[in-house]
Amino acid sequence: MHPLLKRQLKKTLKNVAVDDGPWPEFLATVNAAYKQADQEREFVERTLNVVSEELTAANDQIRRDAENQLARLTDYYSRTLDTQKGLVLCYRRLPDGDFEHTLCRGQLSQRMGYPPERVEHHRLGKILRGPLLRRMQRIYQAGWVGKLKTLEGGSKRRGIRFLAVFHPLKENGVTTEVIVSAVEITDLKDTERALRQAKAKAEAADRAKSDFLAVMSHEIRTPMNSVIGFTSLLRTTELTAEQEHFVKMIESSGEGLLEIINDVLDISKIEAGRLELSVEPVEPVVLAHEIVAMMQSRTDEKGIKLRFNVAPGVPDQVNTDRARLRQILINLMGNAIKFTAEGSVSLDIEYGAANMLSFKVTDTGIGIPPEGIERLFKPFSQVDSSTTRNFGGTGLGLAICKRLSEAMGGGIEVTSEAGQGSCFSFTVSAPEVTEALAPLAEGDLPPDAQFLKDTDDNPSLLVVDDNPINRKVLGMILKVGGYGKVDFAENGAQAVNHVRDHATDIVFMDVEMPVMDGMTASREIRALARTTDQMPWIIGLSANVWRDTVERALASGMNDYLSKPVKREDVGASIRKRSRP
Ligand code: ADP
C-alpha cells in the first residue's frame, strides 16, 4: 500500500475495519491513483530539470556573447578615443570643491603636455598648481553649472589652438558629470588669419587703385575741359573747310574721352566708397520723358520705334537722386538703342510696394548670350571683343548702373536672349513726396532752361492732348515751374468747350487728336473771340516739324509751335514769348 494512503487511513479510520466489504477494492483503486500521481510528478520534475538546465546553458551563452560584444565595443571606443586627434575628458565635482577626471582620452591631451594617464582618475589639484589651477577650477565650475558651453583655448608655446564643448550630464536635474570634447583648430585659425590678412591687403590695394583712378581722372578732366572749351571757341573763328573738319574731329574725340574719364571717375568713387547721393524731390515721369525726348533723334535716325509707358500709380514727385537716376536711365536707354538695329526700344515705369520705383528698358536688339550675362555687371567687361569693335564703349556703364541702383536702395536685373533682345530692369527706393508739390527754386535750373513764372503773373493754362502720359508730363513740367492753374482736355472739342466756359490764358494744343484735331480747335477758339473776349496764347505740339505743317499751324491761329516730346526749357521759352512778344 502507498505509504501516504497508509498514513491517511491510520489517521482518519482508526476504528474502522477496512478488510471487509467493498473496502479492499476501493482502497486498491485509491492506491493505484496515488501511484499514478507519483509517476506523473516524477515525470514533471524530470522534464523541469531538463528544461532548467537548457535554459541555464542558453542564458550563459547569451551572457558570454553580450560580454564579448561589450568588450569588443569598449575596446573599439577606447581605441577610437585614444587615437583621435582631439580630446574627450569627463570630470565630476568633489565635496571639497576640487574636480576629479573620470576619463581622459585623445592625442590633444598628450600634445598639450598632459599624458592621459596623468589626468584620468586624478584630481585637478594634483595636476596643476597656483594661478593656473585656480583658473581651470573656475572654468570647470562654469562648465558644471552650465554657464560655459564652449571655450576656445590653446598654448602659445606649443602653437596649438583648440575649441572645447562642455556638456553636463544630469540625473533628476542634478549634474553628475561633465563631458568635455575638444577639437584642434590650429590649422583653421592659421588659414583664417592668413585669409584675413590677404583680404585686408587686397582691400587696401583695391582702395589704392580706386584712389589712384579717382585722382588721375580728376586731374585729366580739368585740362580735358579746357581742350574741349577752346576747341569749341576755335570753331567760332574763321577756318578753312579742312581746318573745320579737323576741329570737329578734335571736339568729338575730346567729348568721347571726357565721357570715358567720367565713367572711370564714377566707378572709382563708388568702389572707394565715396559716392554721395543727393536726395531731392524728383518728378519721375517728367525726368524719364526728357530722356526719351533726348533719345528720339537717335531712334529716328536708326528707324526704330521708341515707346514710353507709365503704369497707373506712379507718384508725381518722389525723393531720390535726380542726377544718378538720370545717369542710369541714359546708360540703359543708350545701350538699348546702340545694340538694336531694328524693331523697338521701350521704357516702362511702375511704382511698387515699399516705395520702389521700377524702370524697365526693353529692346529687340542683338541680345546677350547666357555666358555674357554673368559678367555683364563687372567693370570693364563687354560681351565679346567683336562687340567692342562694332560698338565701342568701355564696359563700365552697366557696372556703374548696378552700383548706383544698389546705393539708391534697389538693384538691377537683366533677361536676354541672343538675337531676340534684352530687358534691363532696375529699381530705386523712392518715397513719394506727400506734401504739396515742391516747385523748383530759382537757380535749380541752368539759366537757359529757366521758365519759372513771374511772381505777379498767374495765368490759367489748358493742356490738350489725347495721350495721358503727355498730359501728365506737361502738367508736371508746368506745376514744377510754378504754374498752379492747369486744366486738361483730351481732344479739340473739349478744348473749345473749356475755353468758351473758362477764362484761359495759354493753351498747349496737340495737333493730331481724335474727335477734333488741334488746328480745327485753334480755328474754333479764334472764332470764339468774336462772341467772347477769349484770346488765349495757343502753343501747338506735334512730333511733326515739317515747315509746311508749322506754317499751317500758325495760320490756323496758333501763336507758337513746339516739337514733341517737349523739353522743359522749350516750354519756358514759349511761355516767355507770350509775355514779351
Ligand atoms: P559699354 O556699352 O560702354 O561697353 P556697358 O557696361 O554699358 O559698357 O555694357 C557692357 C556690355 O554689355 C556691352 O559692351 C554689350 O556687350 C552688353 N550690352 C549692354 N546692353 C546691351 C543690350 N541692350 N543689348 C545687348 N548687349 C548689351
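The values are calculated or read from the model by the stated rules, or taken from the named source; none is laboratory data. Just so you know, these numbers come straight off a predicted model, no measurement behind them. No Cβ is skipped: glycine too gets one built from the backbone with ideal geometry, and neighbour counts run over all protein chains shown. Just the protein is used for accessible areas: all its heavy atoms, side chains included, with ligands, DNA and RNA removed. Shrake-Rupley method; radii C 1.70, N 1.55, O 1.52, S 1.80 Å.
Descriptive notes on the structure:
So that you can scan it fast, the table gives a plain yes or no per residue for (1) over 21 Å from the mean Cα position of the chain (by Cα); (2) under 30 Å from Glu283 (Cβ atoms); (3) modelled with pLDDT under 80; (4) open to solvent by 60 Å² or more (accessible area, probe 1.4 Å):
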| position | (1), (2), (3), (4) |
| --- | --- |
| Glu350 | no, yes, no, yes |
| Ala353 | no, yes, no, yes |
| Lys360 | no, yes, no, yes |
| Gly365 | yes, yes, no, no |
| Pro369 | yes, no, no, no |
| Phe380 | yes, no, yes, yes |
| Arg389 | yes, no, yes, yes |
| Lys402 | no, yes, no, yes |
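- Filter result (in contact (Cβ under 8 Å) with a residue 60 or more places away in the chain and not in a helix (DSSP H, G or I)) within region 274-300: Arg274, Leu275, Leu277, Pro281, Val282, Glu283
- Every residue from region 237-273 that is touching a residue at least 24 places away in the same chain (Cβ under 8 Å), assigned to a helix (DSSP H, G or I) and out of contact with any Leu (no Cβ under 6 Å at 6 or more places or on another chain): Gly254, Glu255, Leu257, Leu258, Ile260, Ile261, Asn262, Leu265, Asp266, Ile270, Glu271
- Test: residue in region 539-553 that is loosely packed, with under 15 Cβ neighbours inside 10 Å and in contact with a strand residue (DSSP E or B) (Cβ under 6 Å, 6 or more places away or on another chain): yes
- Yes/no for Val433 being within 10 Å of the ligand (Cβ to nearest atom), open to solvent by less than 60 Å² (accessible area, probe 1.4 Å) and modelled with pLDDT of 55 or more: no
- Some residue of region 560-572 being assigned by TED's automatic domain parsing to the domain that holds Asn458 and more than 53 Å from the chain's Cα centre (by Cα): no
- Residue, nearest to the ligand (Cβ to nearest atom), within region 325-339, restricted to residues that are assigned to a helix (DSSP H, G or I) and of a type in the set (A, V, I, L, M, F, W, C): Ala336
- Hey, Asp60 of a type in the set (Asp, Glu), open to solvent by less than 70 Å² (accessible area, probe 1.4 Å) and in contact (Cβ under 8 Å) with a residue 12 or more places away in the chain or not: no
Yes/no per residue for (1) of a type outside the set (Ser, Thr, Tyr); (2) farther than 17 Å from Arg111 by Cβ; (3) at pLDDT 95 or above:
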site: Arg129; (1), (2), (3): yes, yes, no
site: Leu132; (1), (2), (3): yes, yes, no
site: Phe162; (1), (2), (3): yes, no, no
site: Glu177; (1), (2), (3): yes, yes, yes
site: Thr186; (1), (2), (3): no, no, no
site: Glu192; (1), (2), (3): yes, yes, no
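- The single condition among (1) within 22 Å of Leu398 (Cβ to Cβ); (2) more than 26 Å from the chain's Cα centre (by Cα); (3) open to solvent by 30 Å² or more (accessible area, probe 1.4 Å) that Glu342 does not satisfy is (1).
- First in region 349-370 and outside any helix (DSSP H, G or I), second anywhere and among the aromatic types (Phe, Trp, Tyr) and more than 10 Å from the ligand (Cβ to nearest atom), Cβ under 6 Å, 6 or more apart: Ile349/Phe359; Leu357/Tyr351; Phe359/Phe426
- Checked against (1) away from the ligand (no atom under 12 Å from the Cβ); (2) under 16 Å from Cys401 (Cβ atoms); (3) in contact with a helix residue (DSSP H, G or I) (Cβ under 6 Å, 6 or more places away or on another chain), Arg322 meets all criteria but (3).
- Residue check, Ala529 open to solvent by 20 Å² or more (accessible area, probe 1.4 Å), in contact with a Ser or Thr (Cβ under 8 Å, 6 or more places away or on another chain) and assigned by TED's automatic domain parsing to the domain that holds Val486: no
- Only residues that are open to solvent by 30 Å² or more (accessible area, probe 1.4 Å) and under 16 Å from Ser416 (Cα atoms) were counted in region 329-339, giving 3.
- Hits in region 255-274 (condition: more than 16 Å from the ligand (Cβ to nearest atom) and either surrounded by 18 or more Cβ atoms within 10 Å (Cβ to Cβ) or more than 15 Å from His218 (Cα to Cα) (or both)): Lys269, Gly273
- Just so you know, in region 316-328 the residues that are basic (Lys, Arg) and within 17 Å of Glu259 (Cα to Cα) include one that is least open to solvent (accessible area, probe 1.4 Å), and it is Arg324.
- Within this structure, Gly313 fails the test of being open to solvent by less than 30 Å² (accessible area, probe 1.4 Å), in a loop (DSSP other than H, G, I, E, B) and at positive phi.
- Number of the exception - Ile506 against (1) surrounded by fewer than 19 Cβ atoms within 10 Å (Cβ to Cβ); (2) touching a Pro at 6+ places or on another chain (Cβ under 8 Å): (1)
- Checking every residue in region 137-147 against the condition of being open to solvent by 30 Å² or more (accessible area, probe 1.4 Å), at positive phi and out of contact with any Lys or Arg (no Cβ under 8 Å at 6 or more places or on another chain) gives zero matches.
- Count - residues of region 179-236 that are closer than 30 Å to Gly256 by Cα and either in a helix (DSSP H, G or I) or open to solvent by less than 70 Å² (accessible area, probe 1.4 Å) (or both): 31
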